[in-house]
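Peer 1: Can you keep this structure in mind? I'll have questions shortly.
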Amino acid sequence: MSHVHPFIPIATGESLVSWISRFARIQCGNSVPTFLDMFGIQQQQVKMAKPEAINKLARLSGVQFDELMSATFQPLGKRRYRHFEQEFSLEFLSRSPIKFCPKCICEDLQNGDDRLPLPKGRLNWVLSPVRTCAKHQASLIEIPSAGTSASFVDLAEHLPPRAQVLELAEAAVQLKPSGLQTYVERRFLGGRTHTWLDNQDIDQATKATEMLGACIEFGAHFEQSKLSEAEWDMAGRIGFEFTSRGEEGVRKGLSYIQSKPEKSVCHSGPQGVFGQLYKWLQFSRAGKPVGPIRDVLREHVLDTMAVKPGQMLLGQKVEESRRQTIATLSAQFDIHADTVALALRKFGLISSKVTSDNLIATVPAKEAVDVMRRLSRAVPIARIPGYVGCSRTHAQAMIKTKLLFSVVADSERDSGRHKGVDSRDLDRLIDKIYAQGREVERASFGMANIAETSCALHVPFVSIVRALLGGKLQQVETLKGTTSFYSVFVSLEEVSKVLRLQTGKAGVTISDAARELKLTSQAVSYILSTKDKENQPYLKTCGQLRHMGTMRDLIDPSSLDEFKTTYKKLSDFCDRRPNKMSRKREELAARGVFPEWKERAVRAEFYRLSDL
């Protein structure tokens, strides 16, 4: 069938109902419903973009079928529509009010047929995020639509008089399109400029952007029904600054909302912080996808807030907490909040400004729980001696020399639970030491426990322990059925050699020999340096011993015994009686017998026992 005349083309961007309105008025002066009835075309079929109805209009008008179809929103079922390659829900289309640009309408009326000037309704004006005319950079005007969907409204039937339209055009508020609107319009034309937004339906991207922006601009608990179109436009502008940067940008927006809570976080949780955004994502109608922002918010909540395992969060059960607070850690491990705060502070998990009564600050759950478990296992320094069998001095020495580590390093206090050592570290230390030894019922001759050896050789307790752990000591014995430092025995001679405390054989120190001979150490040293008439040393050395950082001679025990049986002090022989000593000295001198050394050299008069 041939088309009617005159030929009325559909304008670029014009909606189907607008073109039908112009075509009907120009051809027969009728309204849209009357015109469709006249040609047996059901209005509902046109509204639903049924191919058979659009095909009839194409044959009647001469306009290509594809041109007419591209001016519609094709229903997909379940309140879903398609336009070009984009799919979206019914809510993406404005239902009321009707929006139009008065400047565009004025141009339509001026450039149209003088006999019948008619306006053109733009399809984009029906989209909810379109609130500005991109051509004239002016805000769209809103008018009621009598309860009919704005997507199929004859704009010509609802426009105010031409004079009023002119006034509206002159008074139009200059406003550039929002980034969100520009993105939506370009995306319908095939543009893909923002990956995170592009990878979701266009209505999901728009809703996420506007809800995020509204929470940032008007507070998380804004009332959706009370926001005007201008305020939603502002929300879209602000939200797009964040969503256009992808997930990272969205999380920055969420962090901003989080930094300005309107309700108590500890009492209201994520819903109290993120308000309408959280409610929309948590309580959205079943089966209606909301897009990836739900996962982004869920991850953000888990990464920044303390959420208990087992709790339902945005459609999924929380398997494990990622964040904890001082209060939750204190309750979980039954440790005082002050101690918890101190431990977290010392480990750098919270700043020094965060106090123990802070209910908002969170810390990484894994690291914090590890600290708390160590703290709960901590053995205070005062109880370490009883736990591993050592003195408190030795316990403190092992911590000071880094053989053991406090759960929390704190130089300001000498004791306390936080200064204790993890019981696992103590157990591991004892196990390592016992692994070096041979289990016995009783210690062998020449063996002494570590503390006794330390005292006898005047060496640090820790030095012996380190030598033992390093496998440098071969003669190590442990008492069967014990786990104590007191039950670990080492060889004094081996320790001396390993620690380079002694060379040669074991012997008597000069100080010990001096006590035994009742002389000064200087006197014994002098005797060591001299020889008898046969050019033999009076006292022989058998090795050296490190003392006070210096290697000192050791006297051969047999040489000392021989000295004691060969020489005797005159004072001892005369029972320390001056008169008797004087007569004996004169008697010996008369016989030509004199002391081995001058008295002033050793402060004693030594004679051979045979001469006496």
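Peer 1: Among the helices (runs of 4 or more DSSP H) contained in region 25-133, which hold 1 or more residues that are touching a Ser or Thr at 6+ places or on another chain (Cβ under 9 Å)?
Peer 2: Once the helices (runs of 4 or more DSSP H) in region 25-133 are filtered for at least 1 residues that are touching a Ser or Thr at 6+ places or on another chain (Cβ under 9 Å), what remains is 32-38, 43-47, 51-61, 65-69.
Peer 1: Here's something else I'd like to know. When region 316-345 is examined, which residues are found to be under 23 Å from GLY420 (Cβ atoms), of a type in the set (D, E, K, R) and buried (at least 17 other Cβ atoms within 10 Å of the Cβ)?
Peer 2: The answer is ARG345, and nothing else.
Peer 1: Search region 397-441 for residues being at pLDDT below 90 and among the acidic types (Asp, Glu), and hand back the single one that is surrounded by the fewest Cβ atoms within 10 Å (Cβ to Cβ).
Peer 2: Per the stated criteria, the residue is GLU412.
Peer 1: Right, here's the next one. Is it the case, given these coordinates, that THR362 is closer than 22 Å to ILE216 by Cβ, open to solvent by 20 Å² or more (accessible area, probe 1.4 Å) and modelled with pLDDT under 90?
Peer 2: On the way: closer than 22 Å to ILE216 by Cβ: yes; open to solvent by 20 Å² or more (accessible area, probe 1.4 Å): yes; modelled with pLDDT under 90: yes.
Answer is yes for this residue.
Peer 1: Moving on to the next point. For region 536-553, indicate whether the set of residues that are part of a strand (DSSP E or B), surrounded by 14 or more Cβ atoms within 10 Å (Cβ to Cβ) and touching a Phe, Trp or Tyr at 6+ places or on another chain (Cβ under 9 Å) is non-empty.
Peer 2: no
Peer 1: Of all the residues that make up region 314-342, how many are assigned to a loop (DSSP other than H, G, I, E, B), under 19 Å from the mean Cα position of the chain (by Cα) and not acidic (Asp, Glu)?
Peer 2: 3
Peer 1: Oh, and also: Filter region 293-305 for residues that are more than 13 Å from TYR278 (Cα to Cα) and out of contact with any Leu (no Cβ under 9 Å at 6 or more places or on another chain) and give the result.
Peer 2: Let us first name the residues in region 293-305 that are more than 13 Å from TYR278 (Cα to Cα), namely 302-305.
Passing the criteria: ASP303, MET305.
Peer 1: Of all residues in region 457-473, count the ones that are surrounded by fewer than 17 Cβ atoms within 10 Å (Cβ to Cβ) and closer than 10 Å to GLY437 by Cβ.
Peer 2: Qualifying residue count for the region: 0.
Peer 1: A further question on this structure: Keeping to region 603-612, report how many residues are within 17 Å of LYS533 (Cβ to Cβ) and touching an Asp or Glu at 6+ places or on another chain (Cβ under 9 Å).
Peer 2: 3
Peer 1: Just to be sure, is ILE10 open to solvent by 10 Å² or more (accessible area, probe 1.4 Å) and part of a loop (DSSP other than H, G, I, E, B)?
Peer 2: Numbers: open to solvent by 10 Å² or more (accessible area, probe 1.4 Å): yes; part of a loop (DSSP other than H, G, I, E, B): yes.
Here the answer is yes, as ILE10 does meet what is asked.
Peer 1: May I pose another question? Take the conditions open to solvent by 50 Å² or more (accessible area, probe 1.4 Å) and either under 54 Å from the mean Cα position of the chain (by Cα) or in contact (Cβ under 8 Å) with a residue 40 or more places away in the chain (or both) and apply them to ARG131. Does it pass?
Peer 2: No, not satisfied.
Peer 1: Could you run through region 170-223 and say how many residues are free of Cβ contacts under 8 Å to residues at least 40 places away in the same chain, among the basic types (Lys, Arg) and touching a helix residue (DSSP H, G or I) at 6+ places or on another chain (Cβ under 9 Å)?
Peer 2: Matching residues across region 170-223 total 1.
Peer 1: Continuing with this model, one more query. Just checking, does region 570-589 include any residue being open to solvent by less than 80 Å² (accessible area, probe 1.4 Å), in a strand (DSSP E or B) and outside the structural domain of HIS458 (by the TED database)? Walk me through it before giving the result.
Peer 2: Filtering region 570-589 for residues open to solvent by less than 80 Å² (accessible area, probe 1.4 Å) gives 570-574, 580-582, 584, 588-589.
Filter again for in a strand (DSSP E or B), leaving none.
No.
Peer 1: Report the residue count in region 570-583 for those that are in contact (Cβ under 8 Å) with a residue 12 or more places away in the chain and over 20 Å from LEU517 (Cβ atoms).
Peer 2: Number of matching residues: 0.
Peer 1: Among the residues of region 238-256, what is the count of those that are surrounded by fewer than 21 Cβ atoms within 10 Å (Cβ to Cβ) and not in a loop (DSSP other than H, G, I, E, B)?
Peer 2: 9
Peer 1: Same structure, new question: Can you name every residue in region 223-237 that is touching a Gly at 6+ places or on another chain (Cβ under 9 Å) and either in a loop (DSSP other than H, G, I, E, B) or open to solvent by 60 Å² or more (accessible area, probe 1.4 Å) (or both)?
Peer 2: Passing the criteria: only MET234.
The values are calculated or read from the model by the stated rules, or taken from the named source; none is laboratory data. Because the structure is predicted, anything quoted here is derived from the model rather than measured. Positions of Cβ are generated from backbone atoms using ideal geometry, with glycine treated the same way; all protein chains shown enter the neighbour counts. To get the accessible areas, we keep the full protein, side chains included, count just its heavy atoms, and leave off ligands, DNA and RNA. Shrake-Rupley method; radii C 1.70, N 1.55, O 1.52, S 1.80 Å.
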